[in-house]
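Values quoted throughout were computed directly from the atomic coordinates according to the rules given, and no laboratory measurement underlies them. These numbers come from a predicted model, not from an experiment. Cβ placement follows ideal geometry from the backbone for every residue including glycine, while neighbour counts extend to all protein chains displayed.
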Amino acid sequence: MSLKDGDTIAAIATAAGKAGIGVVRISGPAVFNIASQITHTTLEPRKAHHCRFIDAQGHVIDEGIAILYKAPASFSGEDILELQTHGSPIVLDLILERVLQLGARPAQPGEFSLRAFLNDKYDLVQLEAIADLVASSSKLAARGAQRALQGEMSAKFMEIAERIKRLRIHIEAELDFADEDIDVSSRRQLEQNLQDLIREIRQIKKDAQHSICLYEGADVAIVGQTNVGKSSLLNKLTQRDAAIVNPQPGTTRDIVRHDLIIEGIPIRLLDTAGLRETEDPIEQEGMRRTEQAVQSSDLLLLLVDTRHAINGITPAMLEQFSGRTMLVVLNKIDLLDAPIDDPAIDVQISAKTGEGLETLKQRIKTCLTRSNTLDPEHSIVFANRRHLDAMNTVDEMLSEIISSDSSKQGLKLELIAENLHLAHRALENITGAYSNEALLSDIFSRFCIGK
């Protein structure tokens, strides 16, 4: 995708398929001419005009609303024309065909947003937030994307970048006027400033991991021995017969996956094969896949039933899943006269009656979010993996200065300045203050064509 194209682009901006309304968007220097040719009227900028859209032979393609935006007061910073018509794919194709005949070319994915970035209408974080908003699979994700679009996250990244820049300016001044290393008091102040920055950056990284969970979803695996009700729990949570339920041990042999939203978080719920000793090669393969699911999942629900509760949750049962984020869930409490008092049990439920499921959902949310930091009302950090990678670089560069400075030799001023430069550059990459063509092409190629 060229960063210097000055031609006019056009695309259907609404989703494929039939709808009540469809939109064709055009951006570039030929917009005014195209508007005149296709509407046979003079459009006043920023005013909705009801008009007919005319083809090359003078025939009416359709009638609808035309809105003209004059640069720079538009999304892309260029002249923009939006033609709103009936949402027939055929009608939209005919209108787009006529627009292309009048001098526009088909837009590439994300090209409208790329032009908005190049014309300083939005930074990269805000434009990625638009894509996140379009792709949101939950209310929390949509609200978080909207906050990022308003610039709150960009402001935070820019504030940290400015603090690093000030440190770098100080170090480079020392380089200009001193032949020796920085003195002890200055090193202590530098170390304190760096420690404050690292602490803040690591909190942002933690919050960013949580926000990624909101957009990409979390894998939650239901594991346990045979006949503890794993498939029944999946069916109850999904409110459908997604998995076969049978008293015969070993009924579930392959991973059963189902997508759902739990407390605003997209979840991929996995029903796994029951764990037991067996000579059956098919069951053995099922348990091998269960182990893979255990290693890759964000959260495990270790399901036990009243048999285990009465005998106690043994250390051996927990040891096989050590190191994993896990909830121990007691099932079949409808068979008990009273709740079981066992500190190893996190939640008590009945997959048959639904008792305790709301508590289970809340505990799942807590485990995946590690607090309320995912709530957009309390957090401004809604990041993607690109942002997280950049923050990891910042953390690494700053931490290297401190760790080396704690040694006997310490880092030379030139190396400190270089690390600060690399950290600052990584932050500028997030917002696009520093960017290259390859980075921009990679980011905007993931957008939809009409955005």
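List the relative contact order of the stretch 9-121 as a percent without decimals, with contacts defined as Cα pairs under 8 Å and 6+ residues apart. Don't jump to the answer; show the numbers that get you there.
Working: 228 pairs, mean separation 36.7, N = 113.
Reported relative contact order: 32 percent.
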If R0 = 60 Å, then A16 and Q203, at their Cβ-Cβ distance, give a FRET efficiency to the nearest 0.05 of 0.90
Each label point is 7 Å from the Cα along the Cα-to-Cβ direction; what then is the distance between the points at Q37 and L415, in nm?
6.3 nm
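Between S445 and E396, 0.36 nm times their residue separation minus their Cα-Cα distance comes to what? Working shown, then result.
Numbers: separation 49, 0.36 × 49 = 17.64 nm, distance 2.89 nm.
Here the answer is 14.7 nm.
Is there a pair in K205/K361; K139/K165; K230/K365; K121/K165; K47/K139; K18/K365 whose C-alpha atoms are over 28 Å apart, and which pairs would that be? Intermediate results must be reported in sequence, preceding the final value.
On the way: K205/K361 25 Å; K139/K165 37 Å; K230/K365 19 Å; K121/K165 24 Å; K47/K139 32 Å; K18/K365 37 Å.
From K205/K361; K139/K165; K230/K365; K121/K165; K47/K139; K18/K365, over 28 Å: K139/K165; K47/K139; K18/K365.
Multiply the residue gap between E319 and I90 by 0.36 nm, knock off their C-alpha separation, and tell me the result in nm, one decimal place. Walk me through the numbers on the way to the answer.
Details: separation 229, 0.36 × 229 = 82.44 nm, distance 6.09 nm.
Extra length from E319 to I90 when fully extended: 76.3 nm.
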